Each structure stands twice: as structure tokens, then as C-alpha cells.
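The values are calculated or read from the model by the stated rules, or taken from the named source; none is laboratory data. Note that the structure is a prediction, hence the values are computed from the model and not measured. Glycine gets a Cβ as well: all are built from the backbone with ideal geometry, and neighbour counts include every protein chain shown. Accessible surface is based on the protein model in full, side chains and every heavy atom, while ligands, DNA and RNA are left aside. Shrake-Rupley method; radii C 1.70, N 1.55, O 1.52, S 1.80 Å.
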Amino acid sequence: MLKNYLKIALRTLFRQKTHSIINILGLSIGIAGCLLILCYVQDELSYDTHQDNRHEVFRIADHFVINGKEINTAMTPAAWGPSLKREFPEVKEMARIINLGRGFLVRHQDKKFNESRAFYADSTVFRIFHATFLAGDPLHALDAPYSVVITQAIAEKYFESEKLALNQSLRMGTDSLEYRITGIIRNHTNKSHFEPDLMASISSITNQPFMSSWTLHNSLYTYVQLVKDASPTGLESKLPSFFNEHLPQEIANRYKPELQPLSEIHLNSHLLAEIGTEGSAVYVLVFSIIAIFILAIACINYMTLTTARSTQRAKEVGMRKVMGADRMTMWLQFLIESLVLSFIALFFAIVITEVALPYLNELAEKNLSIDYFKNSALGYGLLCIWLFVGLGCGSYTGIFLSNFEPIKIIRGRFSSSQSGLLIRRLLVIFQFSVTIGLIIATIIISDQINFMTHKPLGFQKEHVVIIPIGNDETARNAESIKTELLSNPSILNICQTSSLPGQGISQQNFQPEGFDATQRLLMPVVSVDYDYLKTLGIEISEGRNFSKAFPTDGNAFILNEAAARKLGWDRPLGKQFEWWRPTGLSEYKLMKKGAVVGIVKDFHFASMHRSIEPLVMHISPETYSTFAIRIKSENYQETLSYLEQKWSLFEPENVFTYSFLDVEIADLYRSEEKTEKIFNYFAAVGIFIACLGLLGLVSFTIQQRTKEIGVRKILGASSGTI
């Protein structure tokens with residue numbers, strides 16, 4: 001019997017070629033789209049899941065209020081971790097990690113590179129985060145000061161082989177201190193919210209003041225592993241009294257630490273100073289919904305086309321019923337037909353997926369791959385998709401067709417029932433409602449991304465080269481360096497600064513005129529030189545720029561319009577401003593006192609995700625970390641070669657590193673642009689499948705009305721009229 005059903009299913013597919021091709025193509029593309037999204041979602045959900053202790057590991061996030069402003073950051077002061085481990089028995093292990101930034105200089109003999117994934121870490125880090133050691137002792141590799149653990153890739157980069165790297169030395173940082181390699185770990189193959197290439201012992205910097213601070217310098221990431229079955233909420237509830245024991249109450253009340261589960265950091269954190277690339281649980285949900293909609297549209301196509309063509313199989317159903325077939329037998333036949341068709345569609349879907357996967361990797365900047373045999377989740381997903389499509393569509397069409405009455409069919413009185421037409425129309429309405437929704441969502445998302453990337457920012461971001469200051473010698477000779485570089489006619493302006501728009505920005509305590517010590521304000525601050533506004537093309541709305549003609553400008557301040565509004569000053573020029581720096585739990589030191597000499601128009605120094613905040617600018621050469629160089633657009637490659645040549649003279653021991661300001665700003669929206677492109681492609685897939693269904697219905701309608709069209713043509717109707 002089963003063999004007979006299979007034979008009939010294949011004959012039906014070949015007999016109705018157009019109908020079969022449209023159904024298989026629609027289902028194949030729908031399943032492939034669903035499968036690609038499943039790969040993407042699975043990858044996003046896989047971060048840190050390889051850690052077998054992930055349910056016991058938490059990162060401590062810091063939510064605190066200072067001078068009336070709430071700060072939510074992933075970093076904490078250094079003293080918290082050791083005290084938690086010492087005072088709470090439910091804390092099994094503790095490890096602190098310091099990110100050394102994007103361009104940390106590492107050298108070995110004549111090889112030198114800027115490493116972007118270098119960290120300091122406690123020796124306990126490998127007890128919490130599991131890594132495969134190829135050489136060295138994971139429990140004690142970072143015990144000694146000036147020791148470092150590296151990956152295979154780093155070992156091959158500096159020593160050509162990991163076998164030659166153990167117990168060798170690397171010179172790290174601008175001070176070129178030697179770190180002995182005490183461990184080599186396998187290259188990262190599992191997804192994690194941070195993936196270190198080098199991890200140096202944090203005991204190398206224990207003499208730094210911030211390493212014993214309870215309140216100053218949120219400069220590191222603190223992770224704890226709780227004992228099995230310990231309650232994280234129970235530990236959180238004890239933290240207020242913990243802070244009260246170590247800090248004055250008015251300071252302790254500022255802190256509201258949070259224990260973030262390790263597996264939720266990648267998708268659900270979104271705090272300041274995240275350690276790695278962030279994902280988004282919202283995007284995962286949106287893409288999952290799109291996958292369901294794409295598959296639903298493909299299934300609706302199949303059901304509507306099959307039921308619409310039901311009249312062509314009515315006699316077959318009638319004859320089978322007259323010959324003794326019951327409804328269950330007929331339902332089983334159509335169910336097997338559906339399973340066969342969906343299996344064929346599944347095969348082509350896998351082919352489409354393999355072809356499309358490299359393009360998805362390029363769009364999503366991932367390295368997705370499909371192992372249909374080892375990836376059990378994907379295998380079960382494919383099985384579920386096949387059964388859902390085959391059984392779901394087959395059950396509906398089987399019930400619909402098996403309900404035909406043989407007497408009416410044989411007498412030629414058969415027609416589709418009103419209820420059947422109503423269901424089909426509702427399915428088509430739902431299908432096109434989803435399609436229209438995808439079109440509207442695509443337009444809205446595209447408009448939003450276009451707004452973020454093309455809205456005027458209040459400064460000129462194009463043709464600005466960013467070069468980090470690599471050592472103290474460069475900082476001391478900055479003025480002579482600027483003079484020498486400006487002799488090149490392709491270089492228009494140069495400035496030094498602590499931060500450029502789109503980069504991280506520090507916040508300091510200020511006491512404006514008219515505010516007492518209890519009303520100090522925490523405000524974003526940028527250290528600039530005399531040419532900062534000119535180099536970036538920032539407009540002054542009131543007052544003037546810093547000028548060397550005014551000796552007092554070393555203590556002066558420039559505010560943006562948002563700061564002037566916040567302070568409530570109608571006439572801000574000449575108002576006194578004081579910069580205070582905390583030196584202890586509640587002690588502050590006056591760093592600078594001067595007048596406001598200018599107000600600049602508001603500009604976006606942070607991303608468009610945030611509204612423009614008050615901003616303070618002042619002269620502070622000791623905090624400059626970057627050169628910003630505006631160049632001509634013509635022959636910019638020659639200008640970059642010139643800068644590289646000069647920098648090799650200014651900083652012969654460092655690697656010449658540069659970036660463009662407009663590229664760094666574009667990177668702020670890289671995630672959204674990436675998501676927009678992926679969304680657009682999958683929305684296009686959904687729209688295409690819906691159009692396939694419409695094409696099938698139109699072609700079937702034309703077949704049904706062939707006689708009507710013939711009569712109309714005989715009576716003189718043209719093709720255009722019809």
C-alpha cells in the first residue's frame with residue numbers, strides 16, 4: 001500500500017509540473033531561509049555555552065550614582081573581587097580581568113605588533129574559564145608576576161611554532177617589560193563574550209594605586225564562580241551590608257551591584273565598557289519570528305495552491321471512495337504526497353543553504369558552518385521542519401480533499417465549498433498581511449539606519465586620520481612634530497586630544513559658578529589643544545576658541561550648548577568653572593579653576609544611540625593620547641605613506657597604527673547596518689515566496705477561465721482588454 005501511495009505521489013508531481021515546480025521552489029526557499037536563520041540564531045545563543053560551569057559563573061556589573069548621575073558599567077573597582085572571595089563562603093572562585101585596549105604593543109626581537117586582545121588576569125582565571133592548555137599548568141601559569149599565557153596563533157606569530165614559545169619572553173607595552181611565557185592554549189574554537197590572545201598576570205601591576213581602590217577607577221572586570229546550588233539573588237541581597245561594612249554609608253548607598261549570568265552577557269548586557277562584541281536578544285527574537293513567517297508563507301502557498309486545484313482531483317477522490325476507500329485512507333494518501341514533496345523541497349533547501357551560507361557569513365561577519373551529522377540541534381531542526389511542513393500541509397489538504405462527496409462528484413455537481421473558499425481567502429490574506437508587514441518593517445529599518453549614518457553630526461568627520469601617541473617622547477615633542485608635519489601641503493590641520501567623537505569619553509566632577517560643593521556635577525570631558533575645533537570643523541556659537549595669545553587659557557573651559565542649558569546660564573561667558581578630582585572615598589582635589597571662554601554648537605561626540613549630553617573641553621596636555629590630522633582628499637595614499645615614514649622616526653620602536661575618523665564613526669552603527677542587510681535579504685525571501693504563491697494562483701485562475709477567455713476573443717476582445 002505504501003509503495004502504491006509513493007508511486008501515485010510521484011506521478012502526480014510529474015503530471016502537474018508547473019504546480020509542482022512552484023510548490024517545491026517556494027518550500028525550498030522557505031526552508032532554506034528558515035535554516036539559515038536557525039544557524040544564525042544558534043550561533044548567537046552559543047556564546048559561553050561550552051563552559052560546563054556556566055550556570056555558576058557571574059560577572060559583577062556596577063550600577064552607581066555620583067553627583068546625581070547614574071552610571072551603568074560592566075567594570076568594577078579592583079578591591080571588590082578579593083573581598084567578596086574572602087568574606088562570602090558561597091563564592092568559590094574569583095578572577096579579575098583588565099582589557100589592555102585595541103593597540104597594545106608586543107615585541108619579540110625584530111617582530112612587533114599591536115595586539116587587540118591582550119589582558120591582565122588573576123591566576124584563578126583558568127579555574128573559572130576553561131581553556132585547553134597545550135603547554136604549561138593551567139592552575140599556576142599566572143601565579144608569578146611578569147608571566148603570560150598565549151594562544152597557538154600568537155606563538156606561531158612570534159616564534160613560528162608553539163613548541164618553541166614556552167619559557168621564551170615577550171616585551172609588552174611601551175615600557176618594554178619582559179613577560180615570560182608560562183602557558184600556551186589552543187586557539188579559540190568556541191564562542192565567548194571575550195576571547196583573549198594574551199593573558200598576563202595581574203600580579204605584575206599590584207603596585208598601582210587603583211588595585212587597592214574601593215571606589216575609584218572602575219577599570220577591570222570581576223567574575224565570580226559560586227559554589228554549586230548557591231543562590232545569586234541571595235548573594236546580591238547581602239551586598240548592601242557588605243558595602244556598609246567597608247564604606248561610609250552615604251558612599252555605600254551609591255552602589256547597586258548586579259550579578260550577571262555568564263550565558264546572558266553577550267545578548268542581554270549592553271552596559272558601558274563591555275569587554276567584547278555585543279549581540280542582541282531583540283535581534284535574535286526578530287530573526288526567529290521572520291523564520292517562522294517565511295516558513296508559514298511557504299506552507300500557506302502549498303495549501304492554497306493544492307486546495308485551489310482540488311477540482312482537478314475531485315474525480316480521482318470520488319472514484320477511490322466508490323471503490324471502497326475511506327476518509328482515513330484518502331487522508332493518508334495526501335499526507336504521504338505532502339511528505340514526499342516536502343522531502344524533495346528539503347533536499348533542494350539544503351543545496352540552497354550551502355550556496356547561500358558564504359554570503360550570510362560575509363553579511364553577518366561570522367564563520368557559520370553546518371555539520372548535519374554532528375550538530376544535533378540543527379539535525380533535529382531539519383527533522384522538525386520537514387515534519388511540520390509535510391504533516392501540517394498534508395493534514396490540511398488531506399482533510400479538505402477527503403471530505404469530497406462521491407455522488408456529487410460523479411454527477412458533475414461538485415464545486416468548492418464556501419467554507420473552503422473562505423479558509424483559502426483567509427490564508428491568502430494572512431500571507432500578504434505578513435508580506436506587507438515585512439515591507440513596512442524593511443522601509444522603517446532602512447530609514448532609521450539612513451538617519452543615523454547620514455544625519456549631520458555637527459563636525460567634519462571626513463579625511464581625518466587618527467594616530468595614537470605611542471610614548472612619552474612623542475607627547476613631549478608634540479609641538480615640533482606638528483610643525484614638521486604641517487610643512488607637507490597635503491596636511492591641513494593637526495590637533496591633540498584625549499578623545500575624538502565616537503570614542504570612549506571620561507566623566508569628571510565640576511563645580512560651576514553658583515553651585516556649592518554638594519552640587520558638583522559629573523559631566524563628560526575632553527582634553528583638547530588649541531587646534532581641536534579648527535581640525536574637526538566644530539562651530540563656535542558664542543565667545544571664542546582657545547588661543548595661545550591668552551596665557552590664562554590653560555585654565556579656561558569651553559562648553560557645548562547642552563552644558564550651558566543644563567547649568568541654566570543665560571550668559572555663560574566669563575562664568576567661573578572648577579574641575580575637582582576625587583582622591584579618596586569623599587575627598588576631592590581642586591585640579592583647575594578658570595573661566596568659560598566659549599560655547600560651541602552641539603555636536604554628536606557619542607553615537608546617535610544617545611542624545612547629545614553636556615560636554616566640557618579644556619587644555620590638558622598630560623592627558624593627550626591621540627593625534628587627529630586633517631588631510632587633503634587628493635593623493636591620500638601618498639600622504640599616509642609620508643605619515644608612516646615620519647612616524648617611524650618619531651616612534652621607531654612602535655608599530656605605525658592609524659585609522660580614519662569617519663570609519664570609526666561608521667563602526668558605531670556596524671551592528672545595525674549588518675542587521676539591516678540581513679533583515680532585508682530575508683524579508684525579500686518572504687516577499688518572493690508570497691509572489692510565487694500569487695503566480696501559482698493566477699496561473700490556476702487563467703486555466704479555469706480558458707473557455708471564458710476564448711469566448712471573449714471570439715467576440716472581439718483584444719489581449720489588452722482581457
Legend entry - Candidate set from segment 173-190 (those that are open to solvent by less than 70 Å² (accessible area, probe 1.4 Å), outside any strand (DSSP E or B) and within 18 Å of Gly103 (Cα to Cα)); member that is modelled with the highest pLDDT: Gly173
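Is it true that some residue in segment 479-496 is of a type outside the set (D, E, K, R), on the phi > 0 side of the Ramachandran plot and open to solvent by less than 50 Å² (accessible area, probe 1.4 Å)?
Pass one, segment 479-496, residues of a type outside the set (D, E, K, R): 480-481, 483, 485-496.
Subsequent filtering for residues that are on the phi > 0 side of the Ramachandran plot retains none.
Within segment 479-496, not a single residue is of a type outside the set (D, E, K, R), on the phi > 0 side of the Ramachandran plot and open to solvent by less than 50 Å² (accessible area, probe 1.4 Å).
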Legend entry - Within segment 48-71, tally of residues that are touching a His at 6+ places or on another chain (Cβ under 9 Å) and open to solvent by 30 Å² or more (accessible area, probe 1.4 Å): 3
Legend entry - segment 644-666: number of residues that are over 19 Å from Thr483 (Cα atoms) and in contact (Cβ under 8 Å) with a residue 12 or more places away in the chain: 13
Legend entry - Failed item, numbered, when Glu44 is tested on (1) charged (D, E, K, R); (2) closer than 30 Å to Gly686 by Cβ; (3) not in a helix (DSSP H, G or I): (3)
Legend entry - Subset of segment 345-395 [among the β-branched types (Val, Ile, Thr), touching a Ser or Thr at 6+ places or on another chain (Cβ under 8 Å) and within 17 Å of Asn301 (Cβ to Cβ)]: Ile352, Val389
Inset, instruction - Filter segment 644-656 down to residues that are surrounded by 17 or more Cβ atoms within 10 Å (Cβ to Cβ), acidic (Asp, Glu) and not in a loop (DSSP other than H, G, I, E, B), then give me how many there are. - result: 0
Inset, instruction - Pick out the one residue from Ile439, Ile429 that is surrounded by 12 or more Cβ atoms within 10 Å (Cβ to Cβ) and either within 30 Å of Tyr681 (Cβ to Cβ) or of a type in the set (A, V, I, L, M) (or both). - result: Ile439
Legend entry - Residues of segment 580-594 satisfying the condition of being modelled with pLDDT under 80 and hydrophobic (A, V, I, L, M, F, W, C): Leu585
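Can you name the helices (runs of 4 or more DSSP H) wholly within segment 208-297 that have at least 1 residues being of a type in the set (Ser, Thr, Tyr)?
232-246
Here is a yes/no grid of residues against (1) closer than 20 Å to Tyr681 by Cα; (2) small (Gly, Ala, Ser); (3) in contact with a Cys (Cβ under 9 Å, 6 or more places away or on another chain); (4) buried (at least 18 other Cβ atoms within 10 Å of the Cβ):
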site: Ile336; (1), (2), (3), (4): no, no, no, yes
site: Val340; (1), (2), (3), (4): no, no, no, yes
site: Ala345; (1), (2), (3), (4): no, yes, no, yes
site: Phe348; (1), (2), (3), (4): yes, no, no, no
site: Val355; (1), (2), (3), (4): yes, no, no, no
site: Tyr359; (1), (2), (3), (4): yes, no, no, no
site: Glu362; (1), (2), (3), (4): yes, no, no, no
site: Asn367; (1), (2), (3), (4): yes, no, no, no
site: Phe373; (1), (2), (3), (4): no, no, no, no
Legend entry - segment 534-547, residues that are surrounded by fewer than 21 Cβ atoms within 10 Å (Cβ to Cβ) and not polar (S, T, N, Q): Lys534, Gly537, Glu539, Ile540, Glu542, Gly543, Arg544
Legend entry - Residues satisfying the stated conditions in segment 562-573, i.e. open to solvent by less than 50 Å² (accessible area, probe 1.4 Å) and modelled with pLDDT under 90: Leu567, Trp569, Pro572
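What number of residues within segment 574-598 satisfy the criterion of being among the hydrophobic types (A, V, I, L, M, F, W, C) and surrounded by fewer than 20 Cβ atoms within 10 Å (Cβ to Cβ)?
Selection size over segment 574-598: 5.
Among the residues of segment 192-203, is any assigned to a helix (DSSP H, G or I) and over 28 Å from the mean Cα position of the chain (by Cα)? It would help to see each step written out before you state the result.
Start the filter on segment 192-203 by keeping residues that are assigned to a helix (DSSP H, G or I), which leaves 202-203.
The next check asks that each one be over 28 Å from the mean Cα position of the chain (by Cα); those that pass are 202-203.
Yes.
For segment 242-253, does any single residue satisfy the condition of being among the small types (Gly, Ala, Ser), closer than 24 Å to Val91 by Cα and either buried (at least 17 other Cβ atoms within 10 Å of the Cβ) or touching a residue at least 40 places away in the same chain (Cβ under 8 Å) (or both)?
Narrowing segment 242-253 to residues among the small types (Gly, Ala, Ser): 252.
When the remaining residues are screened for being closer than 24 Å to Val91 by Cα, the result is 252.
When the remaining residues are screened for being either buried (at least 17 other Cβ atoms within 10 Å of the Cβ) or touching a residue at least 40 places away in the same chain (Cβ under 8 Å) (or both), the result is 252.
Scanning segment 242-253 turns up at least one residue that is among the small types (Gly, Ala, Ser), closer than 24 Å to Val91 by Cα and either buried (at least 17 other Cβ atoms within 10 Å of the Cβ) or touching a residue at least 40 places away in the same chain (Cβ under 8 Å) (or both).
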Legend entry - Number of the exception - Val41 against (1) at pLDDT 85 or above; (2) within 30 Å of Cys299 (Cα to Cα); (3) surrounded by fewer than 16 Cβ atoms within 10 Å (Cβ to Cβ): (3)
Inset, instruction - Kindly indicate whether Leu198 is over 24 Å from Ala74 (Cβ atoms) and either out of contact with any Leu (no Cβ under 7 Å at 6 or more places or on another chain) or open to solvent by 10 Å² or more (accessible area, probe 1.4 Å) (or both). - result: no
Inset, instruction - Quick one: count up the residues across segment 465-512 that are among the polar types (S, T, N, Q) and over 30 Å from Ser611 (Cα atoms). - result: 8
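Out of the residues in segment 696-710 that are β-branched (Val, Ile, Thr) and open to solvent by 80 Å² or more (accessible area, probe 1.4 Å), state the one that is modelled with the highest pLDDT. Let's see the steps before the verdict.
Taking segment 696-710 first, the residues β-branched (Val, Ile, Thr) are 698, 701-702, 706, 709.
Then drop every residue that is not open to solvent by 80 Å² or more (accessible area, probe 1.4 Å), which leaves 702, 706.
Numbers: Ile702: 73, Thr706: 79.
The selected residue is Thr706.
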